[in-house]
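**Student:** First the structure, which I've put down as structure tokens, then a few questions once you've had a look.
The values are calculated or read from the model by the stated rules, or taken from the named source; none is laboratory data. All values derive from a computational prediction rather than experimental measurement. Methodologically, a virtual Cβ is constructed for each residue, glycine included, from the backbone with ideal geometry; neighbour enumeration extends over all protein chains shown.
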């Protein structure tokens, strides 16, 4: 069956069709992917966040579906469709990360390395766990924000707990810059200009500064285009 997505009746028929498909796949066949898609449907189409939260949670608990674990972690972190519980959120992010969900690693790392967040009695152990999650997100899944956030820790962002390591910060900043983060490129420029964590080299400092400026302009232009599109009345 083909659908004309410019036709409202066809759109509604399509949505009903995938709803039945996801629900059957989840409830009758106990298929993890179908259950996750069922949750996505309830979230984005029906905007029934309580039902979506319930689906993500059960799919993580019963079928160990990585994306559902991380998704439910996000719900618990914000109180969306359920009661807010940061420690519970971290537990689900951690499980998602262990099951190789990139976002689970990234968001779990954010919680665990937050200065004011207490998830475990041993704060240093908690922070080290978060850094481990960032490393996995950065190196295995190429999640750029994880590389950048980890570089910030090595620059001294958590010096009360973690000894600064500018050489490691440089490596992570280089990776992040390559992935298009202008602030990481700017950090590389400063490090070369000062000779901190890298050789003092004004030519390289200027090169990374130029790269940072180009990327920042591109990022600002893209953000303005999104704002413009959002402002169009339809």
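**Student:** List the number of the failed condition for residue 197; all other conditions in (1) more than 17 Å from residue 152 (Cα to Cα); (2) part of a loop (DSSP other than H, G, I, E, B) hold.
**Tutor:** In the conditions (1) more than 17 Å from residue 152 (Cα to Cα); (2) part of a loop (DSSP other than H, G, I, E, B), residue 197 misses (1) alone.
**Student:** Has segment 203-210 got at least one residue that is in contact (Cβ under 8 Å) with a residue 24 or more places away in the chain and either within 21 Å of residue 106 (Cα to Cα) or touching a helix residue (DSSP H, G or I) at 6+ places or on another chain (Cβ under 6 Å) (or both)?
**Tutor:** Kept after step one, since they are in contact (Cβ under 8 Å) with a residue 24 or more places away in the chain, are these residues of segment 203-210: 208-209.
Checking the rest, the ones that are also either within 21 Å of residue 106 (Cα to Cα) or touching a helix residue (DSSP H, G or I) at 6+ places or on another chain (Cβ under 6 Å) (or both) come to 208-209.
Yes; the residues of segment 203-210 include at least one that is in contact (Cβ under 8 Å) with a residue 24 or more places away in the chain and either within 21 Å of residue 106 (Cα to Cα) or touching a helix residue (DSSP H, G or I) at 6+ places or on another chain (Cβ under 6 Å) (or both).
**Student:** Just to check your reading of the model, which residue among 125, 129 is in contact with a helix residue (DSSP H, G or I) (Cβ under 9 Å, 6 or more places away or on another chain), part of a helix (DSSP H, G or I) and either surrounded by 21 or more Cβ atoms within 10 Å (Cβ to Cβ) or at negative phi (or both)? Outline the logic, then answer.
**Tutor:** Numbers: 125 fails: in contact with a helix residue (DSSP H, G or I) (Cβ under 9 Å, 6 or more places away or on another chain).
Among 125, 129, only 129 is in contact with a helix residue (DSSP H, G or I) (Cβ under 9 Å, 6 or more places away or on another chain), part of a helix (DSSP H, G or I) and either surrounded by 21 or more Cβ atoms within 10 Å (Cβ to Cβ) or at negative phi (or both).
**Student:** Under 26 Å from residue 59 (Cα atoms) and either surrounded by fewer than 16 Cβ atoms within 10 Å (Cβ to Cβ) or over 13 Å from the mean Cα position of the chain (by Cα) (or both): which single residue out of 91, 115 fits that description? Show your work before the answer.
**Tutor:** Values: 115 fails: under 26 Å from residue 59 (Cα atoms).
91 is the lone residue from the list that is under 26 Å from residue 59 (Cα atoms) and either surrounded by fewer than 16 Cβ atoms within 10 Å (Cβ to Cβ) or over 13 Å from the mean Cα position of the chain (by Cα) (or both).
**Student:** Within segment 62-85, can one find any residue that is closer than 29 Å to residue 146 by Cβ, part of a helix (DSSP H, G or I), over 19 Å from the mean Cα position of the chain (by Cα) and at pLDDT 95 or above?
**Tutor:** First pass over segment 62-85, keeping only residues closer than 29 Å to residue 146 by Cβ: 62-85.
Applying the additional criterion that residues be part of a helix (DSSP H, G or I) yields 62-63, 66-78.
From the residues that got through so far, the ones that are over 19 Å from the mean Cα position of the chain (by Cα) too are 62-63.
Filter again for at pLDDT 95 or above, leaving 62-63.
Yes: segment 62-85 contains one or more residues that are closer than 29 Å to residue 146 by Cβ, part of a helix (DSSP H, G or I), over 19 Å from the mean Cα position of the chain (by Cα) and at pLDDT 95 or above.
**Student:** If we scan segment 213-232, do we find a residue that is within 30 Å of residue 112 (Cα to Cα), crowded, with 16+ Cβ neighbours inside 10 Å, within 22 Å of the chain's Cα centre (by Cα) and in contact (Cβ under 8 Å) with a residue 24 or more places away in the chain?
**Tutor:** So far as segment 213-232 goes, yes, one or more of its residues are within 30 Å of residue 112 (Cα to Cα), crowded, with 16+ Cβ neighbours inside 10 Å, within 22 Å of the chain's Cα centre (by Cα) and in contact (Cβ under 8 Å) with a residue 24 or more places away in the chain.
**Student:** Report yes if some residue within segment 49-65 is closer than 18 Å to residue 141 by Cβ and in contact with a helix residue (DSSP H, G or I) (Cβ under 6 Å, 6 or more places away or on another chain); otherwise report no.
**Tutor:** Yes; the residues of segment 49-65 include at least one that is closer than 18 Å to residue 141 by Cβ and in contact with a helix residue (DSSP H, G or I) (Cβ under 6 Å, 6 or more places away or on another chain).
**Student:** Could you go through segment 100-108 and let me know if any residue there is closer than 16 Å to residue 162 by Cα, surrounded by 21 or more Cβ atoms within 10 Å (Cβ to Cβ) and without any contact (Cβ under 8 Å) to a residue 60 or more places away in the chain. Write out each step before concluding.
**Tutor:** We begin by selecting, within segment 100-108, every residue closer than 16 Å to residue 162 by Cα; these are none.
No, there is no match, as no residue in segment 100-108 is closer than 16 Å to residue 162 by Cα, surrounded by 21 or more Cβ atoms within 10 Å (Cβ to Cβ) and without any contact (Cβ under 8 Å) to a residue 60 or more places away in the chain.
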